[in-house]
Amino acid sequence: MRCLNPISAVCVSLISLAAPRAGLAQFPSVPTAREPVTNSYQGLSIVDDYQWLEESTNTPVRDWTRLQNARTRAYFGKLPFYDGLSQTLEELVAEESASYALAFKRGENILALRHKPPAQQPVLVRLKSVYPPALCKVVFDPNAWNTNGTTAMDWFVPSPDGRLMAISLSEKGSEDGTLHFFETATGRHLPDTIPGVQYPTGGGSTAWNPDGSGVFYTRYPRPGERPEADLHFYQQVWFHKLGTPESADTYEIGREFPRIAEIELEASEDGHWLLAAVANGDGGDFDHHLRNASGQWRQLTHFEDGVKQIKFGHDDALYLRALRNAPHGKILRLPLAETDLSKATLAVPEGREVIEGFEPCAHGLYASELDGGPSRLRFHPRAGVKPVEVPILPVSSVSGLHCWHEDDVLFSDTSFLVPAAWYEWRPGLKSPRLSALRTSSPANFDDIEVVREFATSKDGTKVPLNIMRKKGIKLDGNNPTILYGYGGYNVNLTPGFNPLRRVWFDAGGVYAIANLRGGGEFGEEWHKAGNLTNKQNVFDDFIACAEHLIKRKYTRPEKLAASGASNGGLLMGAFLTQRPDLVRAVVSRVGIYDMLRVELDPNGAFNVTEFGTVKDPAQFKSLYAYSPYHHVRDGTAYPAVIFPCGENDGRVNPAHSRKMTARLQAATSSGHPILLRTTASAGHGMGSSLKERVAEQADIYAFLLEELGVNASPWTFQ
């Protein structure tokens, strides 16, 4: 019988969900009505039974989500080890020392984000030095601003003299930012506020004018200026003078930018020059516009020029990271007064490694380079002198390059086994100098080693696998193993320390991270081989990595779990629908699953340059060929799956998780649970409070331990 009210048939007894572990194979689902809707694409009619779940504000959808969450909580509530595991994770986080993200130097002050648990959000501080005692003073504390811990700083920018601070604040992981202004020394909140400067579709940014009397900022359309469907598009640059009403703000540039423009602003050190980097959606193409001291804008680069990043040098020049005719990247130098890109000269030629980041200094520049995942750091002097290698941790990741004095460089370095620390180096030093800004963790990984192996993909491509394992591990196929992947947007999965992995290693687990095509670990060609109509390569790579782990006897399908988030959630959806036989459990966080309707989402149009569009016949064919939601087959034995998502996610519509949950629950024949975990006070993950992030990790690890049949007695309260 066709159900008119999608919730009217729901009669789940949550008492029955408290069954002992032996009853998990028959774990019941929340009954979900099928309300068929037919959509047409490129001459094909495709039926969607669960399109009604896209309407998040409708009462039936909210009721269905509430019941799914209750079902999920009941699942965890019956696990005898859950509370002990959760407490262990909380202690691992609470006992970590402070971590730092340096951002700016103004006069004698270094401005940084400092995060010390149990604070729910990072705190903006100023330091006089990065060396002991490295005392800091609070500039702005979002934990005091909102004691619930749900207020996040999207970004902050100090005025040229450091006297004032512009900070975008958003709530509950929404990334929907309003610009506020504070006095740096006193923390006094100024009366000026500007709404609509930041949103997770196109992001947001600001930059000060030279005397600190006002800011240039990214502005989204106000209600009434454009149709409601366009209010999170058509980003422009406007100017606000402090002490004046927002209505008096003036337009600067952007009316000619694409609908899906994403603007990043950066001012020169003296504030007289302003650079606007304009991304054409999320596909990785940029153009750049420069404003001089007279207020005139000129376009420096176009999307087809392949310039990915521009920075102000210390020598009245711009430095450009370009990929045109150099897929691994090269650095060009262009005088500020020059308007012709063809006049740029070569500062750093393309090499074997991929240039990921760079920082100009007084007599050259530093470049962090990738070799398939791990970093190397080199100093490139001017005048063609041979570059100098900067010693860093083995198999590590370098980030946050800052040159504030001559050729001294500050950088952060971390590995899979060592927490992040900030170092200083200058030409002539044998080794970098360790600063006071370093993180210590109660999680010791001395018994863990990292090996790098290569899986062979379907077309013969060698795909790197970074495998963390206990020393002396037996390769007998019995090790519970997590395989993590992403594969998109030119995003690089580089080495990083996560103390919470300690619980997995203590359970005898192996953790593997795959550097798939679609990322940028081997350059732009590696990225392009995994986007648009080449997306299936990413899934083939991940499948090959899973098969490699099984063939090498790290694990077997019954002991293998797969994990990914966002674009990595799409990867999880494709993997579990294409090869459900390879894996026992899947964690698919904030993922995309309906590839035919994704471009209709709030952030969907920005993804077209990475995924493609159903409006293009070839791209539609590719999208439909792998769209996870459309490849769930009734009667198939699917693995256990958990779908964590946030109601305030502006990057990936949580409706994808709802629809995929409903479809899998209706289709699977395995009896393994399909769980939806929706958080009302979170979004895509950015800005989530510490307690929410730890709670989510507790659920994920508990789910994996339970579904892979791992002995969890160390965390069971007696």
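The values are calculated or read from the model by the stated rules, or taken from the named source; none is laboratory data. Source: prediction; values computed, not measured. With ideal geometry, Cβ positions are generated from the backbone for all residues, glycine too; neighbour counts draw on all protein chains shown. All accessible areas refer to the heavy atoms of the entire protein, side chains included, with ligands and DNA or RNA removed. Shrake-Rupley method; radii C 1.70, N 1.55, O 1.52, S 1.80 Å.
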Among [x] 16, 52, 30, 2; [y] 16, 43, 33, 8, 0; [z] 15, 35, 26, 13, 7, 3, 1, 0, 0, find the value of P(r) over Cα pairs in 20 Å bins from 0, in percent that was calculated from the structure presented, and write down its label.
-> [x]
Between N492 and residues 5 or more places away or on another chain, the pairs with built amide H atoms under 5 Å apart involve G520
Segment 425-439 - phi-based ³J(HN,Hα) in whole Hz, Karplus 6.51/-1.76/1.60, Gly and Pro as x = 9, 9, x, x, 7, 6, 8, x, 9, 6, 8, 7, 8, 9, 9
Note down the nm distance, to one decimal, between modelled labels 7 Å out along Cα→Cβ at N325 and at D83.
-> 6.9
Per DSSP, loop chymotrypsin sites (Phe, Trp or Tyr not before Pro) in segment 621-718 with at most 15 further Cβ within 10 Å = F717
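For D581 and L434, what is the calculated FRET efficiency with R₀ set at 56 Å and r taken between the beta-carbons, to the nearest 0.05? Could the numbers behind the result be given before it?
Numbers: r = 48 Å, r/R0 = 0.86.
It comes to 0.70.
Can you figure out the FRET efficiency of R352 with I46, using R₀ = 41 Å and their beta-carbon distance, to the nearest 0.05?
Between R352 and I46 the formula returns 0.35.
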Rough spin-label spacing in nm, given labels placed 7 Å along Cα→Cβ, for E95 and N58 | 5.0
Residue-averaged 222 nm ellipticity for the chain, from DSSP H runs of 4+ at -39500 (n - 2.57), nearest 500 | -5500 deg cm²/dmol
How much length, in nm to one decimal, is gained on full extension between R226 and T345, taken as 0.36 nm per residue of separation minus their Cα-Cα distance?
-> 38.6 nm
Using Cα centres only, tell me the gap between segment 448-471 and segment 545-566 in whole Å.
-> 11
For T201, T461, what's the largest-to-smallest order of accessible area, 1.4 Å probe?
-> T461, T201
How much length is gained if the chain between K116 and A293 is pulled fully straight, taking 0.36 nm per residue apart and subtracting their Cα-Cα distance, in nm to one decimal?
-> 59.6 nm
Of all accessible surface on the chain at a 1.4 Å probe, what whole percent is carbon and sulfur?
-> 51
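Just the number please: accessible area per residue for the chain, 1.4 Å probe, all protein chains included, in Å². Could you put the intermediate results ahead of the total?
Details: 28170 Å² over 718 residues.
Value for the chain: 39 Å² per residue.
Just to verify a number: FRET efficiency for A680 and E304, C-beta to C-beta distance, R0 = 35 Å, to 0.05?
Efficiency, from the Cβ-Cβ distance: 0.20.
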What is the extension gain from T533 to V385, computed as 0.36 nm multiplied by their sequence separation minus the C-alpha to C-alpha distance, in nm to one decimal?
-> 49.0 nm
With the Cα gyration tensor of segment 612-718 giving a ≥ b ≥ c as the square roots of its eigenvalues, does the rule (a/c under 1.5 for rounded; else a/b larger than b/c for prolate; else oblate) give rounded, prolate or oblate?
-> oblate
Any chance you could get the radius of gyration and Dmax over the Cα atoms of segment 134-293, in Å?
-> 15.6, 51
Between F358 and residues 5 or more places away or on another chain, the pairs with built amide H atoms under 5 Å apart involve S368
Can you list residues whose amide H is under 5 Å from L675's amide H, if they're 5+ apart or on another chain and H is modeled 1.01 Å from N?
-> V641, I642, F643
Label point distance in nm, D634-A185, each placed 7 Å from Cα along Cα→Cβ = 7.4
